[in-house]
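The values are calculated or read from the model by the stated rules, or taken from the named source; none is laboratory data. All values reported here derive from a predicted model rather than from experimental measurement. Every residue, glycine among them, receives a Cβ derived from its backbone with ideal geometry; neighbour counts consider all protein chains shown. When the accessible area is computed, the model is the full protein with side chains, heavy atoms only, and any ligands, DNA or RNA have been set aside. Shrake-Rupley method; radii C 1.70, N 1.55, O 1.52, S 1.80 Å.
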Amino acid sequence: MTTSDLLAGDPRMLIDGELLATAGGATFDVIHPATEEVAGQATDGTTDDMARAVAAARRAFDSTGWSRDVEFRYHCLTQLHTALERNKERLRRIVVTEVGVPVGITQSQIDAPVEEVAHWAEFGKSFEYLRDTGVHDSMGGPSRRMIHYDPIGVVGAITPWNAPFYLNVAETTPALMAGNTVILKPAQLTPWSGSELGRIVAEETDFPAGVFNVVTSDANEVGAALSADPRVDMITFTGSTATGRAVLAAGASTVKRTMLELGGKSAHIVLDDADLTKALPMAATLACIASGQSCVLPSRILLPRSRYDEGLAILKATMDAFPVGDPWDPTVMQGPQISAGQRDKVLGLIASGIASGARLITGGGTPEKLNRGYYVQATLLADVDPDSRIAQEEVFGPVLCVLPFDTEDEAIAIANNSIYGLSGEVSSADEDRALRVAQRLRTGSVGINGGMYFGLTSPFGGTKQSGLGRRNGTHGFEEYLEIKTVGLPL
Ligand code: NAD
């Protein structure tokens with residue numbers, strides 16, 4: 001592929017079954033991050049548009065059979081899966097255009113989420129929504145009790161830009177299959193991954209009007225209006241911790257169920273018996289791939305002092321050789337940052353790290369050969385102060401901080417010294433030892449020796465300020481359901 005493969009997504013929103021522009025016709029530009037050129041426009045929706053979308057979702061939930069008809073939902077989700085399969089290569093080009101993610105690593109951004117739709121259709125079809133829990137002899141005599149799993153109602157889904165199509169699917173399709181109606185508000189920088197989903201739902205499936213709505217906008221206030229609207233029963237949000245706090249506060253007055261998937265500052269503890277030649281090339285790869293714009297990235301590498309220089313040399317070698325460049329080149333694995341603002345934020349945090357005493361081992365600026373696009377060099381910082389900004393704040397760039405330790409206890413204390421608790425990694429030749437360390441990490445997930453913890457069948461989410469609730473697995477589906485207990489006399 002080449003930059004001539006740039007592809008603009010549908011500029012329209014989906015509200016109450018209609019694909020449309022906002023009343024005043026306002027749009028905003030979508031930029032291709034690798035060339036800084038305007039790739040096209042999206043509709044700049046307003047708070048009035050959001051209010052209409054919420055009204056449509058409310059009506060569709062309260063006065064249609066959607067919430068009660070599992071078979072029909074299965075039909076619509078299965079149709080959506082087939083339609084997404086048909087549109088897959090178009091979606092891939094749109095995601096590369098608006099995110100700048102290298103085309104060679106779009107499996108997780110396109111192919112996996114398309115399959116996820118089929119997964120939730122099957123999961124929701126066979127889910128036991130009504131359970132007889134038998135006789136309970138308590139509180140004044142025996143009774144029979146049933147548990148009903150009911151949809152929550154109107155769900156607002158607010159998504160970020162780093163994996164926009166995947167997150168749009170992951171936040172909305174289990175909610176829909178569980179019987180809710182949905183309003184999706186995609187990120188400003190990546191509106192088309194949302195508007196295309198809206199177009200496909202409207203043009204290629206039987207979803208009734210109002211069940212699924214998409215409102216694109218360049219204004220934060222439109223997302224804020226969704227999270228504050230009293231007609232919305234639940235917000236599912238993925239994004240930064242700062243915005244997550246605002247979403248939680250906005251929902252407090254109507255006690256909204258709020259699911260939050262937020263930022264991270266994960267640590268990788270490399271124990272002194274680990275095989276560094278296996279653990280560290282992978283650690284450096286994770287930092288560079290997709291330009292480090294991943295919430296679970298283990299961006300703090302904790303190396304034993306006894307193997308510190310050996311470890312730094314391996315990390316540096318992988319980072320220096322990492323294939324960076326044009327995201328349309330299938331051999332490239334590191335593209336640009338998403339925007340000039342993100343590039344400048346990453347460079348500013350690197351500078352703050354150096355100012356606080358960190359040693360620059362490689363990188364630190366923008367690549368010389370790439371004179372357009374929002375690129376940042378793969379950057380390795382050693383001797384990082386565990387309390388400094390660069391060790392505490394999420395960078396969301398191709399940057400690794402290395403921190404030395406002497407004992408296992410010290411490593412665990414450094415790893416847990418964070419407001420975040422999304423994920424972590426432990427490397428050791430002794431799996432039991434690694435498991436003991438993993439148990440003491442205050443995070444939602446841990447990988448041992450590169451073991452994969454993420455997938456549709458296992459719960460995923462954050463502890464501390466990395467989030468509330470879990471996506472995926474049975475836990476993830478039940479987040480979109482209310483539990484009602486019904487008592488019956490014997
Ligand atoms: P962001 O918080 O800036 O924006 C996320 C979304 O919130 C966007 O759609 C934005 O328009 C909307 N928004 C902004 N202000 C709002 C408000 N006041 N009320 C309601 N909505 C509002 O995040 P971002 O920069 O788009 O994404 C990067 C962040 O996402 C990183 O922190 C990353 O770690 C996080 N993330 C987390 C996960 C996870 O699973 N934990 C996954 C991907 C990304």
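Here are some notes:
- Among the residues of the stretch 226-257, those that are of a type in the set (A, V, I, L, M, F, W, C), within 11 Å of the ligand (Cβ to nearest atom) and open to solvent by less than 50 Å² (accessible area, probe 1.4 Å) comprise Leu226, Ala228, Ile235, Phe237, Val247, Ala250.
- For the stretch 128-148, the set of residues classified as out of contact with any Gly (no Cβ under 9 Å at 6 or more places or on another chain), in a strand (DSSP E or B) and within 30 Å of Thr254 (Cα to Cα) consists of Leu130, Arg131, Ile147, His148, listed by residue number.
- All of Leu435, Leu381 fail the test of being touching a Cys at 6+ places or on another chain (Cβ under 7 Å) and either open to solvent by 40 Å² or more (accessible area, probe 1.4 Å) or modelled with pLDDT of 95 or more (or both), apart from Leu381.
- Among residues of the stretch 277-296 being free of Cβ contacts under 8 Å to residues at least 60 places away in the same chain and more than 19 Å from Glu393 (Cα to Cα), the one that is farthest from the ligand (Cβ to nearest atom) is Thr277.
- Those residues of the stretch 368-391 which are closer than 24 Å to Leu262 by Cβ and touching a Pro at 6+ places or on another chain (Cβ under 8 Å), in sequence order: Tyr374, Val376, Thr379
- Residues that are buried (at least 24 other Cβ atoms within 10 Å of the Cβ) and near the ligand (Cβ under 8 Å from one of its atoms) within the stretch 209-220 comprise just one, Ser217.
- Evaluation of Gln337 against (1) surrounded by fewer than 18 Cβ atoms within 10 Å (Cβ to Cβ); (2) within 16 Å of the ligand (Cβ to nearest atom) (one fails), failing number: (1)
- Among the residues of the stretch 413-432, those identified as among the charged types (D, E, K, R) and either surrounded by fewer than 23 Cβ atoms within 10 Å (Cβ to Cβ) or part of a loop (DSSP other than H, G, I, E, B) (or both) are Asp430, Glu431, Asp432.
- Some residue of the stretch 53-68 being acidic (Asp, Glu), open to solvent by less than 10 Å² (accessible area, probe 1.4 Å) and more than 30 Å from Gln337 (Cα to Cα): no
- The stretch 433-452, residues that are closer than 17 Å to Gly264 by Cβ and either over 15 Å from the mean Cα position of the chain (by Cα) or part of a helix (DSSP H, G or I) (or both): Ala438, Leu441, Arg442, Thr443, Val446, Gly447, Met452
- Yes/no for Gly223 being crowded, with 22+ Cβ neighbours inside 10 Å, in a loop (DSSP other than H, G, I, E, B) and within 10 Å of the ligand (Cβ to nearest atom): no
- Listed by position, the helices (runs of 4 or more DSSP H) contained in the stretch 12-114 that have at least 3 residues being more than 30 Å from Tyr129 (Cβ to Cβ) and of a type in the set (A, V, I, L, M, F, W, C) are 88-99.
- When residues of the stretch 464-490 are limited to those that are away from the ligand (no atom under 16 Å from the Cβ), within 16 Å of Thr236 (Cα to Cα) and open to solvent by 40 Å² or more (accessible area, probe 1.4 Å), the one nearest to the chain's Cα centre (by Cα): Glu478
- Gly461 of a type in the set (Gly, Ala, Ser), within 16 Å of the ligand (Cβ to nearest atom), surrounded by 17 or more Cβ atoms within 10 Å (Cβ to Cβ) and outside the structural domain of Ala112 (by TED's automatic domain parsing): yes
- Out of Leu189, Leu176, Leu260, sole residue that is within 14 Å of the ligand (Cβ to nearest atom), touching a helix residue (DSSP H, G or I) at 6+ places or on another chain (Cβ under 9 Å) and either open to solvent by 10 Å² or more (accessible area, probe 1.4 Å) or assigned to a helix (DSSP H, G or I) (or both): Leu189
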